[in-house]
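The structure appears below as structure tokens.
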Amino acid sequence: MPQFFLNKRLIILLISIIVLVALVGFSLRDRENASWPEQFVKDVVGFGENIISKPVSFVANVTGNVSSLKNTYKENEELKKRLEKVAQLESDVADLEKENKDLKSTLKIPASIRDYKSINASVISRNPNNWNDQVELDKGTNDGVKPDMAVVTPAGLIGKVTTAGAKSSTVELVSSVDVKNRVSASVQGKDRAFGIINGYNADSKLLELTQLPYDMTFKKGQKVVTSGLGGKFPAGIYIGTIQKVETDKMGLSQTASLKTGADLYDLNHVIVLDRSVQSGSSDDGGN
């Protein structure tokens, strides 16, 4: 009897192995439709995953929405504070401008080198052969545009008007290779330093600010603006920031490389500045 049961167990084991191998082979063969056991298992597993995934996704979405709502609330509060500051600054500026105007009128002080009138214009053409040198504007003498007027974008100075027709004008960019294209500038800081924008490196796309005092220290990031001392440009027009400074070969002055505030490569809408007061030109001949 024991021998019989032993053989019976062996037979059952062999049959089970054969059935298992057959099922594995059946499941691995190429076919379009799954068998009903496979489909049943898939349906059960899919149903379970669906039950679990929906609540998890719901909780995750709710948590994400709450987090986004908190971030939006914080950003909204920060923007409100900034708007309040901007409104206050605008109010202060308006008050100061009125007070300044009244004081000038009372003391009979002439307009300063910062005064100018804005003339909006658009770039209508740009020659690919002298892309870094000139642009043509759609405003001319009929609109009040005259040679030597500064031209800017909201980001900073781009150049000056060289010739003006009745309905159009030509602007020489600060990136021009013309050695006569110089701009009188000053470096902002505790102690102001003056120099001349005189050159442009097409490879590094940086302006050269020359004739800086040899005994002063300059740092990367310092802002450079027009000085207004050249007699043509208003003072305080943003030009760019210092990237590096080198002493000249003679050791008598320093030259700074500037990254322009305005994008000289992509110019569309610009502003021509009509300086209200023309002071005498400085010795450097700059703008």
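The values are calculated or read from the model by the stated rules, or taken from the named source; none is laboratory data. Keep in mind that what you see is a predicted model, and the values were worked out from it rather than measured. Every residue, glycine as well, gets a Cβ built from its backbone with ideal geometry; the counts of neighbours run over all protein chains shown. Accessible surface areas use protein heavy atoms only, side chains included; no ligands, DNA or RNA. Shrake-Rupley method; radii C 1.70, N 1.55, O 1.52, S 1.80 Å.
Considering only segment 247-254, I want to know if a residue exists there that is modelled with pLDDT of 85 or more, closer than 27 Å to S125 by Cβ and over 27 Å from the mean Cα position of the chain (by Cα).
No - not one qualifying residue is present in segment 247-254.
Pick from segment 202-237 the residues that are under 17 Å from I158 (Cβ atoms) and in a strand (DSSP E or B): which of them is most open to solvent (accessible area, probe 1.4 Å)?
In this case the residue turns out to be K223.
Tell me, please, whether a residue that is in a strand (DSSP E or B), closer than 30 Å to D215 by Cβ and at pLDDT 90 or above can be found in segment 105-127. Steps first, answer last, please.
Keep residues of segment 105-127 that are in a strand (DSSP E or B), which gives 116-125.
Now restrict to residues that are closer than 30 Å to D215 by Cβ: none.
The answer is no, given that none of the residues of segment 105-127 is in a strand (DSSP E or B), closer than 30 Å to D215 by Cβ and at pLDDT 90 or above.
Here's a check for you: in segment 181-194, which residue that is in contact with an Asp or Glu (Cβ under 9 Å, 6 or more places away or on another chain) and in contact (Cβ under 8 Å) with a residue 40 or more places away in the chain is most open to solvent (accessible area, probe 1.4 Å)?
The residue in question is R182.
Taking segment 139-149 as the region of interest, how many residues are out of contact with any Asp or Glu (no Cβ under 9 Å at 6 or more places or on another chain) and surrounded by 15 or more Cβ atoms within 10 Å (Cβ to Cβ)?
4
Could you list, in sequence order, all residues of segment 134-160 that are acidic (D, E) and more than 18 Å from N268 (Cβ to Cβ)?
D148
Which condition number in (1) touching a residue at least 40 places away in the same chain (Cβ under 8 Å); (2) over 29 Å from N268 (Cα atoms); (3) surrounded by fewer than 19 Cβ atoms within 10 Å (Cβ to Cβ) is the one that V177 fails?
So V177 meets the others, but not (2).
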